[in-house]
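**Q** Take a look at the following structure, please.
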Amino acid sequence: MVMMSEDRVSAPDDAASAGGRRRWLRLPAAPLWLFGLLEGVQVVLLTALLVAIPVGLLTFLAEPAAWDVIGAAQLAGQLWLIMYAAPLDLGGDEVGREAAFHAVPLGLTLIPAMLCWRSGRRLAMGAYPTQLWLGLLMFVLIFVLAAVQLATWVDTPFGATSPVWAAAAAGGIAVLASAGGCVWEARSVTRMFGMDMDERIDRWSARIKWAGSYVWAVTRAGAVAAAASFAMAGALFAVVVLVQWIDIANAYQQAEAGWAGAVGLTVLQLALVPNMVMWTLAYTTGAGFSVGAGATVQPGAAGASAAEHLPLLAAVPQEGLAHAWLVLALPVMAGLCAGIWLAREGENHFDDWCARTIRFRPVSLLVSTAVLGALTGLMAGLLLVGPLWLSHLSLGVGRFVDVGPDALVAAGLLGAWAAVGCAAGYLVAPAGRLFTRSSAE
């Protein structure tokens with residue numbers, strides 16, 4: 001019995017000593033600035049390899065005997081900067097003109113943005129709220145330094161990028177995407193900085209809470225309208241490409257770019273597909289988009305041919321279509337979706353205030369619905385004005401110095417159409433619920 005009791009006593013001692021040894025061998029947690037540095041280096045290297053490997057293979061296979069390694073590396077560096085939305089100056093003695101290649105291939109830019117989003121989530125998971133800025137600062141600093149060094153090194157007689165613009169573009173993408181990942185992981189902007197917003201909201205008055213919930217509902221409805229308009233524009237773009245596929249294939253054959261040029265042209269067009277969807281969205285608003293100096297494509301009006309540079313632009317109609325104005329129904333339908341969503345999920349406290357202030361219910365309902373639609377359309381336009389501006393590009397070749405939509409005009413028209421649709425959807429939604437309920441009974 002004594003031996004048994006000694007065994008029982010010694011067993012916890014052995015476990016404690018083993019746990020102590022494990023704690024002794026455990027490495028200390030890395031500081032957050034080092035974590036941000038490693039995440040930044042990782043994203044920079046991944047995106048650099050994503051560009052350098054295809055460029056190296058294509059340039060080597062094109063001329064194996066006279067492969068210029070330095071030239072291929074500088075070309076890859078310029079493409080890396082273009083991926084991060086940095087403008088490329090094509091002026092110089094070797095080129096013989098003064099022009100700028102400024103294009104944000106949104107399809108390629110989404111790759112580093114998604115990687116930065118992932119890094120932002122990882123930084124938020126491994127940081128205390130009051131220390132998160134250390135990791136984010138080091139993470140963004142890596143992108144700024146890489147962009148400045150690369151812009152200085154790829155400065156060639158054929159093209160150059162300003163280090164200031166390169167740092168601003170790469171740093172801006174890193175800040176926005178990583179901060180978005182942090183907010184997504186923390187589920188709150190204030191929680192990232194150690195603030196308890198729920199406690200602060202509890203101290204607010206009821207009117208401020210109602211106003212905040214109303215603004216939040218309108219913001220989400222604007223996001224619904226923006227997402228619906230982008231999805232409808234993407235569907236319209238896919239239909240047009242399928243219908244005009246023969247013309248696009250003929251434009252490929254007329255380009256005579258060779259197999260290497262065809263591969264590069266295909267990759268460029270795939271990267272520009274989100275840009276073209278934004279152009280289609282501008283087309284559905286009635287603002288249209290430009291395919292070169294003096295050539296604007298609008299419903300009922302056609303632009304000049306641009307397929308010699310991008311075969312996908314062969315899908316642009318060369319003459320006005322009789323029923324092209326029907327596409328204006330798409331942003332209205334997007335606003336309709338937002339209005340129906342608001343009637344089901346949103347909180348219209350402004351309507352409650354109007355009902356108490358204006359005794360005649362039809363008038364109060366019209367006033368509150370008009371304001372709701374206007375604010376929703378305004379929010380949808382604000383959410384899409386940035387992507388519309390980024391989709392605009394300048395190829396720096398001939399008349400292709402102005403390609404894309406006017407962001408402010410397109411966003412304004414989108415907001416107006418979405419406002420009309422939202423008001424109609426909000427008024428129609430209760431009738432739809434009654435019809436569904438009667439059908440169920």
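**Q** Please specify each residue of segment 394-410 satisfying the condition of being modelled with pLDDT of 70 or more, of a type outside the set (Val, Ile, Thr) and not in a loop (DSSP other than H, G, I, E, B).
**A** SER394, GLY404, ALA407, LEU408, ALA410
**Q** Which residues, counting only those in segment 364-393, are assigned to a helix (DSSP H, G or I) and at pLDDT below 85?
**A** Of the residues in segment 364-393, the ones assigned to a helix (DSSP H, G or I) are 364-391.
Listed by number, the residues that qualify are SER364, LEU365.
**Q** Do we have any residue at all in segment 265-283 that's surrounded by 17 or more Cβ atoms within 10 Å (Cβ to Cβ), at pLDDT below 90 and over 28 Å from LEU408 (Cα atoms)?
**A** Within segment 265-283 (the criterion being surrounded by 17 or more Cβ atoms within 10 Å (Cβ to Cβ), at pLDDT below 90 and over 28 Å from LEU408 (Cα atoms)), the answer is yes, since at least one residue qualifies.
**Q** Still on this structure, please answer the following. Taking only segment 344-388 into account, find how many residues are touching a residue at least 24 places away in the same chain (Cβ under 8 Å) and among the hydroxyl-bearing types (Ser, Thr, Tyr).
**A** 2
**Q** Continuing with the same structure: Could you list all residues from segment 113-147 that are surrounded by fewer than 18 Cβ atoms within 10 Å (Cβ to Cβ) and assigned to a loop (DSSP other than H, G, I, E, B)?
**A** Correct list: GLY126, TYR128.
**Q** When you check ALA174 against the structure, is it in contact with a helix residue (DSSP H, G or I) (Cβ under 7 Å, 6 or more places away or on another chain), assigned by TED's automatic domain parsing to the domain that holds ALA147, farther than 30 Å from LEU372 by Cα and modelled with pLDDT of 90 or more, yes or no?
**A** Values: in contact with a helix residue (DSSP H, G or I) (Cβ under 7 Å, 6 or more places away or on another chain): yes; assigned by TED's automatic domain parsing to the domain that holds ALA147: yes; farther than 30 Å from LEU372 by Cα: yes; modelled with pLDDT of 90 or more: yes.
Yes.
**Q** Would you pick out the residues in segment 148-169 that are buried (at least 20 other Cβ atoms within 10 Å of the Cβ) and in contact with a Gly (Cβ under 6 Å, 6 or more places away or on another chain)?
**A** LEU150, VAL154
**Q** I've got another one for you. Which one of these does ALA324 not meet: (1) under 13 Å from CYS422 (Cα atoms); (2) of a type in the set (A, V, I, L, M, F, W, C); (3) at pLDDT below 85?
**A** Result: ALA324 passes all but (1).
The values are calculated or read from the model by the stated rules, or taken from the named source; none is laboratory data. These figures come from a predicted structure and were not determined experimentally. Neighbour counts run over all protein chains shown; Cβ positions are idealised from the backbone, glycine included.
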